Amino acid sequence: MFVVFNLLIMINMTHIFFGCRRLGRALFAPMALGLATVSLGAVPSYALDDDNYGQCVADLTASGLGVEQAAASCAGARFPGMLGDCVADVSSETGLGAEDSLEGCERSRRPDEVATCTLDIHSALLEQPSVNALEHCSRSILPERYGVCVVDLSDEAQLGVDAALEHCIRAGYRPWTTAPRQ
């Protein structure tokens, strides 16, 4: 008897479920579409329109790279416009070669921040071009923050540039070493 009763309830629930399917679609489809539309806004704003392959090639060739190397680098870049700007800025403002600038800018996910980091360190601390500063900026996960760390440590702690580069690249974010600890 109990089994028959449960079977009748299941049949009734199935009938209700299938009868309400259209109503459920009508009510929940707009909400699902709205969530899909909102998720498109999660892409960083600079990534939406950075498809400047031609400008990238022009920047790289103006910096002194060959057309073949420039074309290959720009074609493989996630953000070609930022790559071209990074190489042009670093090579012209710091005196580093275009090949070194390209290697450092290509290595990072954030070439615009690598350029900012390298230029900040060079303008504040260095009188001669330093590939070491560019390499460290391109290795950092957050290059702009890294550049601020190097400049501040060098100024306030009276550290040499190389010592500040090493201290900041090794610092990282480790919650167990960040003060205050409880």
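Every number in this text was worked out from the coordinates using simple rules, so none of it is lab data. These numbers were taken from a predicted model, which means no experiment stands behind them. Cβ atoms come from the backbone with ideal geometry, glycine included; neighbour counts cover every protein chain shown.
Given the Cα-Cα distance of ASP51 and GLN128 and 0.36 nm per residue of separation, how much length would full extension add, in nm?
Numbers: separation 77, 0.36 × 77 = 27.72 nm, distance 3.38 nm.
Contour length minus Cα-Cα distance gives 24.3 nm.
Put a dot 7 Å past each Cα toward the Cβ at ALA62 and ALA75; how far apart are the dots in nm?
Label-label distance for ALA75 and ALA62, simple model: 2.3 nm.
If I histogram all Cα-Cα distances within the range 47-175 using bins 10 Å wide from 0, what percent of pairs lands in each bin?
Binned Cα distances yield the sequence 15, 45, 28, 11, 1.
What distance in nm separates the two pseudo spin-label positions at ARG109 and ALA163, each 7 Å out from Cα along the beta-carbon direction?
Here the modelled spin labels are 3.3 nm apart.
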